[in-house]
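Written below as structure tokens is the structure these notes are about.
Laboratory data are not the source of any read-out in this text; all were calculated from the coordinates shown. Remember, it's a predicted structure, so these values are computed and weren't measured experimentally. Every residue, glycine as well, gets a Cβ built from its backbone with ideal geometry; the counts of neighbours run over all protein chains shown.
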Amino acid sequence: MERIKHEDLMEAGVHFGHLRKKWNPKMRPYIFAERKGIHIIDLNKTEEMLFEAANAMKGIIKSGKKVLFVATKKQAKDVVEKCAQQLGMPYVTERWLGGMLTNFSTIRKSVKKMQSIEKMISDTNTNITKKEKLMLAREKAKLEKVLGGVAQLSRLPSALYLVDIMHEHIALAEAKRLNIPTFAMVDTNSDPTTVDYAIAANDDATKSITVITEYLTAAMNEGNEERKLEKLETDSSGKDSEEAETEEEMDEAEEASEELPNEETVVLPDSEPTEEAKAE
């Protein structure tokens with residue numbers, strides 16, 4: 001995985017932080033300077049943090065696990081949803097329902113309800129009126145808006161990717177409670193110690209969110225490709241070993257047949273001797 005270019009981060013405005021009066025003192029190591037009352041993030045630190053987070057995410061995806069994307073901010077919704085769909089990962093971009101992780105069984109029931117409503121609407125044999133169908137369609141749309149991104153999530157995710165931990169504090173608290181690793185974009189007004197893999201960056205600008213999220217998506221996609229290659233290699237090696245075993249068995253059978261002793265051939269008379277011949 002290649003490191004992101006310094007110029008790309010600069011062009012996207014990743015280095016712009018919040019006003020000085022809104023800063024969190026724990027972000028001091030990641031602040032380069034102050035300009036006109038606004039903190040400037042050190043992009044060298046951002047680059048290192050991003051590279052570390054990308055490698056960790058790549059490892060999670062390579063092992064076949066899921067990462068849940070969470071971004072309910074207006075600036076981040078479209079970007080995060082697009083990247084999550086590209087990877088086939090679950091995402092939440094509308095509203096974080098309280099207990100989405102800590103009360104996962106109830107969320108799964110709501111997802112199953114949504115899927116059963118969808119079947120009822122699509123099934124032509126069901127005897128439901130137009131009014132009932134309309135009401136079901138509205139209920140399905142309401143559930144799909146909130147739970148559509150996690151419909152295929154059958155178990156708890158292995159990690160969370162968050163944009164703005166101040167905005168997604170409930171999701172972060174639930175992940176910490178369940179010891180789920182967290183990756184997040186952390187601005188100068190946030191506490192980086194609350195996240196396992198913090199990325200010091202501007203979490204308000206769409207361009208900044210796009211650059212960071214797309215870089216992480218590329219790393220995860222790389223991990224996915226490596227996993228597929230490893231799977232193909234193991235399958236091919238398994239077939240080769242099976243073929244080798246069958247060949248060895250055939251060779252052993254041939255050797256055994258060659259070692260067997262040749263039986264003496266006994267020629268039997270065509271007919272039994274007559275009584276006169278016996279007397280003679």
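Descriptive notes on the structure:
- Packing here is the average count of other Cβ atoms within 10 Å per residue, and on that basis the peptides 30-37, 195-202, 15-22, highest first, run 195-202, 15-22, 30-37.
- Under-5 Å amide H pairs with Ala201, H placed in peptide plane, nonlocal only: Val186, Asp187
- Remark on the stretch 102-154: hydrodynamic radius 11.7 angstrom, per the Kirkwood mean of 1/r across alpha carbon pairs.
- Volume per residue of the C-alpha convex hull in the stretch 44-135, rounded to whole Å³: 172 Å³
- Pairs from Lys140/Lys207; Lys36/Lys207; Lys66/Lys113; Lys73/Lys119 whose Cα-Cα separation, in the structure shown, is over 29 Å: Lys140/Lys207; Lys73/Lys119
- Distance in nm between pseudo-label sites at Arg138 and Asn44 (7 Å out along the Cβ direction from Cα): 6.0 nm
- Candidate lysines - alpha carbon under 18 Å from Lys62, same-chain residues fewer than 8 apart omitted: Lys228, Lys231
- Exposure proxy shown here: for Val92, Val146, the number of other Cβ atoms within 10 Å sets the order, fewest to most, as Val146, Val92.
- Under the convention that each Lys and Arg Cβ holds +1 and each Asp and Glu Cβ holds -1, the size of the dipole of the stretch 102-154 around its Cα centre is about 140 debye.
- For Ile41, nonlocal amide neighbours, meaning residues 5 or more places apart or on other chains whose placed amide H falls under 5 Å from its own, are Phe16, Gly17, Phe32.
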